[in-house]
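The block underneath contains the structure these notes are about, expressed in structure tokens.
The values are calculated or read from the model by the stated rules, or taken from the named source; none is laboratory data. Since the model is a prediction, treat every value here as computed from it, not as a measurement. When we count neighbours, we look across all protein chains shown, and the Cβ atoms used for this are built from the backbone with ideal geometry, even at glycine.
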Amino acid sequence: MGTALSEQEFIRRVRSFERSAFHMETRRSYALGYEREDYEQFCVGNPTPPSELDWWRPWLDRVKSYAAEGKQVGRVRLVDTPPTDYQRWLLWANPWHEAAGEDIRYLPRAQAEQIALPMHDWWLLDDAYLITMDFTDSGEIAGKSLIIDQSIVTDYMSWRDRARRYAVSAQQIVIAV
């Protein structure tokens, strides 16, 4: 459906948006090697704040810079009831993202299914570029594709808007689950 993206091209595109970047996260967990040790530390009750992690802090710094430039960065994360350990980790880390200027909202998985959202991860950049993401069953990244067909991008803009309309803040989801 789209053009395969290398990791370097993916990073370049996500870092070079002009107005808005939106990420839809649908997985119950991810298996990204660079975060494994810190996730395991969270699970045993010894979490390190994202702002103190060499792999996490650069994203928070970039978001802060984007916000200072007037750019919008946001995402909607699906969450299970009860949340998986991985989802609890992301909820715990939310205040650091919020302080940097990232708008992260949460949507119960069952509700996302009811409102017919696509159940895969994707990025929407400047309402012009769509990047879909594929994962292995274990949660490792299997590939990314760039889609510029405006009719497809328009569908995803509608799904983004629907997801945002129904999603709630981290504080509200913690209370609800």
- Task: May I ask you to verify whether Y66 is assigned to a helix (DSSP H, G or I), at pLDDT 95 or above and either among the polar types (S, T, N, Q) or farther than 19 Å from A170 by Cβ (or both)?
- Result: yes
- Please specify each residue of region 93-110 satisfying the condition of being part of a helix (DSSP H, G or I) and either modelled with pLDDT under 95 or in contact with a helix residue (DSSP H, G or I) (Cβ under 6 Å, 6 or more places away or on another chain) (or both). A93, N94, W96, A100
- Query: From the list A67, A112, A100, which residue is more than 22 Å from R15 (Cα to Cα), touching a strand residue (DSSP E or B) at 6+ places or on another chain (Cβ under 9 Å), surrounded by 15 or more Cβ atoms within 10 Å (Cβ to Cβ) and of a type in the set (A, V, I, L, M, F, W, C)?
  - Reply: A112
- Please go through region 26-40 and pick out each residue that is surrounded by 18 or more Cβ atoms within 10 Å (Cβ to Cβ) and closer than 25 Å to S158 by Cα. T26
- Query: When both residues are 6+ apart or on different chains and their Cβ atoms are under 9 Å apart, which pairs have a first residue that lies in region 103-120 and is closer than 20 Å to Q172 by Cα and among the basic types (K, R), and a second that is buried (at least 19 other Cβ atoms within 10 Å of the Cβ) and at pLDDT below 95?
  - Reply: R105/A170; R105/I173
- Query: Hey, does region 71-82 have a residue that's in contact with a strand residue (DSSP E or B) (Cβ under 7 Å, 6 or more places away or on another chain) and surrounded by fewer than 14 Cβ atoms within 10 Å (Cβ to Cβ)?
  - Reply: yes
- What number of residues in region 151-169 are of a type outside the set (F, W, Y) and in contact (Cβ under 8 Å) with a residue 12 or more places away in the chain? 10
- Message: Can you report the number of residues in region 144-177 which are surrounded by 15 or more Cβ atoms within 10 Å (Cβ to Cβ) and farther than 21 Å from V73 by Cα?
- Response: 2
- Message: Can you say whether A116 is modelled with pLDDT of 95 or more and at negative phi, as far as the supplied structure shows?
- Response: no
- Which of the residues spanning region 41-64 are in contact (Cβ under 8 Å) with a residue 24 or more places away in the chain, of a type in the set (A, V, I, L, M) and either surrounded by fewer than 17 Cβ atoms within 10 Å (Cβ to Cβ) or under 20 Å from F135 (Cβ atoms) (or both)? none
- Query: Looking at (1) among the aliphatic types (A, V, I, L, M); (2) touching an Asp or Glu at 6+ places or on another chain (Cβ under 9 Å); (3) modelled with pLDDT of 95 or more, which is the one condition that is false for M1?
  - Reply: (3)
- Item | Candidates E113, E102, filtered to the one that is in contact with a Lys or Arg (Cβ under 8 Å, 6 or more places away or on another chain) and under 20 Å from R164 (Cβ atoms) | E102
